[in-house]
Amino acid sequence: MHGGGLRAAAGHYGIAPEQWLDLSTGINPHGYPLPAPPAEVWARLPEPDDGLEVAAARYYGCEGLLPLAGSQAAIQLLPQLRPAAGRVGLLAPSYNEHARAWRMAGHRVEALPALGDAVPAAIEAHLPQLDVLLLVNPNNPTGLRVPVETLLRWHQQLAGRGGWLVVDEAFMDTSPGHSLLTMNGRPGLLVLRSLGKFFGLAGARVGFLAAEPALRAALAERLGPWALSGPGRWAATRALEDRAWQEQARTALTAAGTRLDQLLRRYGIATEGGTALFRWGRHEDAVAIQDALARQAILVRRFDDPASLRFGLPGDEAQWHRLEQALEAL
Ligand SMILES: Cc1ncc(COP(=O)(O)O)c(C=O)c1O
């Protein structure tokens, strides 16, 4: 489920890439404003005591975080740390890379519902048959949020028999009070974080795995030395340390998310969920709406099962206006 299909869309619709308004991702359109890194950051091998781990511990409020070249690095490798042919419960729809990685490593993936009031009961009913429960929380794209107490209850059940609860918190930065990171270190509890969304640093490829020491060590061994680039580490350290920026970004994104929700509803797209960084809703004409917007050089993300659309945030008033005009023309 990647955004970033802009070049393909540009080719398909015959509209130059720079003319598009790309709302197909959940990336902050006003990402962290980085200065250029000092020359030695490019020239020297990155050192583990360069300040990144300290900055991360402060920002996330816990110790025991393994830096990754994006959470994708852990998404790909975690399935290899479990005995083969495990049973893994995953929300559907959700971020596709998880299911792909677990399947590729030979595990059996079970789809769990990601929408509606019956979700917790459905997950609970599946739990006895699962070795791993993997939740994106809040979920991309449905916005489903599972409360901390519920997650901890499920974690206890799984960990009691050697299972894992994996929670991908890629979109948690605007609601840190709902994070499981304060529980870090419990056996069988794994949390993924990313600097790609809230910080808008998807290209820097920085994320973290929070987990018990043995799991972190096993993953670190597979990643090998210098898993992150020096400039990536430097950029992430600056962003994680900048409290003032984080606070204003949280406020601005929350307001923008609400504005997007209201705008979409005004034009008949009933959003059912989302986060500050995107809104999602089912629509039987999802294909036609995506196509009509694309003809006006606005790219949104479409899902087929169920037929639905996800809208990211416009970056400035001109872009908001452009989206509104395009919705009006539908
Ligand atoms: C839910 C979720 N998790 C993880 C990722 C991967 O992020 P990263 O850039 O940290 O690899 C994405 C990217 O779209 C995502 O949506």
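The values are calculated or read from the model by the stated rules, or taken from the named source; none is laboratory data. Since we're looking at a predicted model, the values are computed, not measured. Cβ sites come from the backbone with ideal geometry, for glycine too, and all protein chains shown count toward neighbours. Surface areas here come from the heavy atoms of the whole protein model, side chains and all, with no ligands, DNA or RNA. Shrake-Rupley method; radii C 1.70, N 1.55, O 1.52, S 1.80 Å.
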With a probe of 1.4 Å, find how much accessible area region 39-241 has per residue, and write the answer as a whole number in Å².
-> 40
Qualifying trypsin sites (Lys or Arg not before Pro) in region 32-89, DSSP loop, other Cβ atoms within 10 Å at most 12 = ARG44
Reduced to Cα centres, the span from region 294-330 to region 40-61 in Å works out to 37
Enter the Cα centre distance for the pair region 178-233 and region 83-144, rounded to the nearest angstrom.
-> 20
Per-pair calculated FRET efficiency, R0 = 22 Å: HIS126 and ARG103 via Cβ, rounded to 0.05 = 0.80
Please give the contour-minus-distance gain from GLN325 to ILE15: 0.36 nm per residue of separation, less the Cα-Cα distance, rounded to one decimal in nm.
-> 109.8 nm
Fluctuation leader among GLY89, GLY230, GLY268 - the chain, Gaussian network, Cα springs under 10 angstrom | GLY268
What do you reckon, how do ILE27, ILE289 stack up by accessible area (1.4 Å probe), largest on top?
-> ILE27, ILE289
One would report the antiparallel percent of DSSP beta bridges in the chain, rounded to the nearest 5, as 50
If ligands, DNA and RNA are left out, what is the accessible area of ASP242 with a 1.4 Å probe, given in Å² to the nearest 10?
-> 50
Let me have the 222 nm mean residue ellipticity of the chain computed from DSSP H runs of 4+ only, each contributing -39500 (n - 2.57), with the sum over all residues rounded to the nearest 500.
-> -11500 deg cm²/dmol
Assuming R0 = 30 Å, can you tell me the calculated FRET efficiency for the pair ASP316 and ALA36, based on Cβ-Cβ distance, to the nearest 0.05?
-> 0.80
Top of GLY162, GLY274, GLY207 by mean-square fluctuation, Gaussian network on the chain, Cα under 10 Å | GLY162
Net +/- balance of residues flanking ALA307 in space, Cβ distance below 9 Å, scoring K and R +1, D and E -1 | -2
Of all GluC sites (Glu not before Pro) in region 61-122, which ones are in loop regions per DSSP and have a Cβ with at most 15 other Cβ atoms within 10 Å?
-> GLU63
Which of ALA56, ALA85, LEU190 sits farthest toward the positive end of the charge dipole of region 39-241, with +1 on the Cβ of Lys and Arg and -1 on the Cβ of Asp and Glu?
-> ALA85
Rounded to the nearest 20 Debye, what is the dipole magnitude of the chain about its Cα centre when Lys and Arg each give +1 and Asp and Glu each give -1 at the C-beta?
-> 420
So what is Rg over Rh here for region 178-330, counting just Cα atoms and using Kirkwood for Rh?
-> 1.06
State the percentage of accessible surface on region 54-131 attributable to carbon and sulfur atoms; use a 1.4 Å probe and exclude ligands, DNA and RNA.
-> 54
How would HIS283, HIS155 rank on accessible area, largest to smallest, probe 1.4 Å?
-> HIS283, HIS155
Span per principal axis, largest first, for the Cα atoms of region 39-241 (Å) = 55, 34, 26
